[in-house]
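Bear in mind that the values in this text are calculations on the coordinates, not laboratory data. Predicted model, so just to flag it, every value in this text is computed and none were measured. Ideal geometry is used to build each Cβ from the backbone, glycine not excepted, and the neighbour counts take in all protein chains shown.
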Amino acid sequence: MEYIYAAMILHSTDKDINEENVKKIIEAAGIDADDARVKALIAALEDVDIEEAMETTAMAAAPAAAAPAASDAAPAAEEEEEEEEEEASEEEAAAGLGALFG
C-alpha cells in the first residue's frame with residue numbers, strides 16, 4: 001500500500017510519478033524501497049487516470065446514506081432492486097481500483 005500512497009501523494013502535489021520520486025517518498029517514510037515494486041507500480045500506472053481512479057474509489061467508499069433517498073411512492077421491490085444495483089456498482093468500482101494497482 002505504501003507504494004500506492006506514494007503515487008497518490010505525488011499526484012496530489014502535481015509532481016511526476018516516476019521511480020525516483022516514489023523511491024524518495026518510500027524512503028522518507030523509513031521503508032527500504034524495493035526497486036522491483038517501484039518499477040512495477042510505475043508500469044501499472046502508465047495508462048491510468050489517477051484522478052478518475054481516486055474519484056471512483058471515493059464514490060465506492062461513500063456511505064449508502066449519502067445516496068439520495070428513493071421516492072416514498074416507489075414500491076418496495078423497486079427500492080430493493082435499486083439498492084442491489086448500487087451495491088453491485090460500488091463493488092465493481094472497488095474491484096476496478098484494485099486491478100489498477102495490481
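The calculated FRET efficiency for the pair ALA58 and GLU19, based on their C-beta separation and a Förster distance of 35 Å, comes to about 0.85. Each other residue within a Cβ distance under 13 Å of ALA33 adds +1 if Lys or Arg and -1 if Asp or Glu, for a net charge of -3.
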